[in-house]
Amino acid sequence: MKQRPWVMIAGTGHAVPKRVLRNEEFAAMGIDTSDEWIRERTGIRERHIAGPGESLTSLSAEAAHKAMAVAGVTAAELDMIIVGTCSPDRLLPSAAVELQAALGATRAVAFDVDAACSGWLYGMQVAEAMMAAGNAETILVVGAELLSRIVNWKDRNTCVLFGDGAGACVLTRSTKQRGILSCYMRSDGTLANLLHRPKGGAAEPMTAEILAEGSHFVHMKGREVFKNAVRSMSDACDRALDGAKLSSSDIDLLIPHQANLRIIEATAKHANVPREKVFVNVDRYGNTSAASIPIALDEAIAQGRVKDGTIVMFVAFGAGFTWGSMVVRF
Ligand code: UT7
């Protein structure tokens with residue numbers, strides 16, 4: 001019998017920039033790549049890229065408004081706003097307080113969770129714990145990224161992979177026996193240098209030299225990250241199932257972090273979840289980091305793939321390394 005209060009996802013929403021950048025367009029931008037290479041190695045065909053009038057706050061607010069409308073919750077009713085992001089509009093203050101101001105959520109306590117691609121999933125687990133502790137009744141959890149603003153558009157190892165977007169969920173208590181069944185989180189900071197922004201932070205503040213060499217942009221050792229992602233996400237699926245006392249055949253839908261189709265397929269194979277029960281949209285959005293799972297969840301609901309009683313497993317992996325998983329009964 002579940003000891004903690006039932007915390008459910010009462011509404012979801014997402015927003016992406018208008019501009020779609022297709023694989024075929026990179027060549028004209030002077031990047032030595034091809035649609036064939038990107039599709040075969042990653043499954044990505046296109047991604048959305050923010051324009052001058054779009055910001056992390058504007059996309060987050062659009063996603064949040066949709067989620068709140070579905071949940072029937074007003075901004076004034078939010079007790080807490082948690083934003084998972086590694087690409088905030090400003091380095092100080094947090095993206096969450098900017099979103100709070102944009103929504104007019106005057107009562108809410110607002111803060112960010114910086115766990116890169118695992119940011120939304122970490123935020124969900126912090127929110128569940130806050131509700132279990134009696135600190136909040138209604139929480140908005142957003143995963144949002146403008147990675148196009150922090151990647152090096154001359155580095156083909158990274159710039160073809162990422163996209164921009166925001167996904168939002170409203171969490172409330174449930175009186176029925178549905179909601180979060182299990183949570184799992186892990187980190188390993190010894191591997192931080194495999195995926196990071198080497199300079200431009202407080203340790204080595206921005207200089208003309210850092211700017212010229214581009215060491216403030218995202219740098220990634222893709223092959224090593226790939227191996228760690230498959231290993232960690234596979235293990236996280238096992239842990240979430242154990243925690244929920246379920247087996248893989250109980251899972252109706254697996255929504256993994258959308259970084260690479262090959263990582264998704266390897267994780268699903270390990271978890272013993274057949275392809276038709278795995279949600280994939282990496283082809284249309286690329287890797288939107290912390291936004292990827294909540295965008296995918298919102299699309300899955302819109303497509304009728306999540307209904308009352310559906311059991312969904314989320315699994316994420318990102319820079320840090322950070323990873324985790326969650327099983328939810330809708
Ligand atoms: O969100 C969580 C964090 N991120 C991830 O999970 C991403 C994890 N990594 C990956 O998805 C894959 O490792 C990549 C898609 C980044 C790369 O795929 P790969 O099969 O691991 O390729 P690779 O890194 O082994 O590179 C193969 C070759 C290299 O050339 P050489 O050294 O073999 O001559 C690269 O220089 O492909 C080259 N390459 C490219 N070629 C065309 C790298 N990027 C590109 C590109 N277009 N965009």
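No value in this document is a laboratory result; all are computed from the given coordinates. Note that this is a predicted model, so its numbers are computed, not measured. Cβ coordinates were reconstructed from backbone atoms using ideal geometry, including for glycine residues, and neighbour counts include every protein chain displayed.
A few points about this structure:
- Qualifying residue in region 232-248 (condition: over 29 Å from Asn152 (Cα atoms) and within 14 Å of the ligand (Cβ to nearest atom)): yes
- Filtering Gly165, Gly134 for residues that are in contact with a Pro (Cβ under 9 Å, 6 or more places away or on another chain) and assigned to a loop (DSSP other than H, G, I, E, B) leaves a single hit, Gly134.
- Of all residue pairs spaced 6 or more apart or on separate chains, those with beta-carbon atoms under 8 Å, a first member in region 19-40 that is free of Cβ contacts under 8 Å to residues at least 12 places away in the same chain and a second member that is surrounded by 14 or more Cβ atoms within 10 Å (Cβ to Cβ) and not aromatic (Phe, Trp, Tyr) are Glu24/Asp35; Ala27/Thr33; Ala27/Ser34; Ser34/Asn23.
- Candidate set from region 22-57 (those that are among the small types (Gly, Ala, Ser) and within 15 Å of the ligand (Cβ to nearest atom)); member that is nearest to Val280 (Cα to Cα): Gly43
- Breaking point among (1) within 12 Å of the ligand (Cβ to nearest atom); (2) touching a helix residue (DSSP H, G or I) at 6+ places or on another chain (Cβ under 6 Å); (3) outside any loop (DSSP other than H, G, I, E, B); (4) among the polar types (S, T, N, Q), for Ser292: (2)
- Within region 250-288, the set of residues being free of Cβ contacts under 8 Å to residues at least 12 places away in the same chain, more than 20 Å from Arg231 (Cβ to Cβ) and either part of a strand (DSSP E or B) or not acidic (Asp, Glu) (or both) comprises Pro274, Arg275.
- Which listed residue, of Val151, Val141, Val126, Val97, is in contact with a strand residue (DSSP E or B) (Cβ under 9 Å, 6 or more places away or on another chain) and assigned to a loop (DSSP other than H, G, I, E, B): Val151
- Taking region 198-221 as the range and being small (Gly, Ala, Ser) and touching a residue at least 12 places away in the same chain (Cβ under 8 Å) as the test, the residues that pass are Gly200, Gly214, Ser215.
- Flag if Cys86 is surrounded by 18 or more Cβ atoms within 10 Å (Cβ to Cβ), part of a helix (DSSP H, G or I) and within 16 Å of the ligand (Cβ to nearest atom): no
- Per the listing Leu195, Leu191, Leu181, Leu171, the residue uniquely surrounded by 19 or more Cβ atoms within 10 Å (Cβ to Cβ), over 30 Å from Ala302 (Cβ atoms) and either touching a residue at least 40 places away in the same chain (Cβ under 8 Å) or touching a strand residue (DSSP E or B) at 6+ places or on another chain (Cβ under 6 Å) (or both) is Leu195.
- Pairs with Cβ under 8 Å, 6+ apart, first in region 290-307 and more than 19 Å from Leu59 (Cα to Cα), second assigned to a helix (DSSP H, G or I) and more than 16 Å from the ligand (Cβ to nearest atom): Val306/Leu297; Val306/Ala300
- Subset of region 1-56 (residues that are within 30 Å of Asp308 (Cα to Cα) and under 21 Å from the mean Cα position of the chain (by Cα)): Val7, Met8, Ile9, Ala10, Gly11, Thr12, Gly13, His14, Ala15, Val16
- Taken together, the residues in region 176-220 that are over 27 Å from Ala240 (Cβ atoms) and basic (Lys, Arg) amount to 2.
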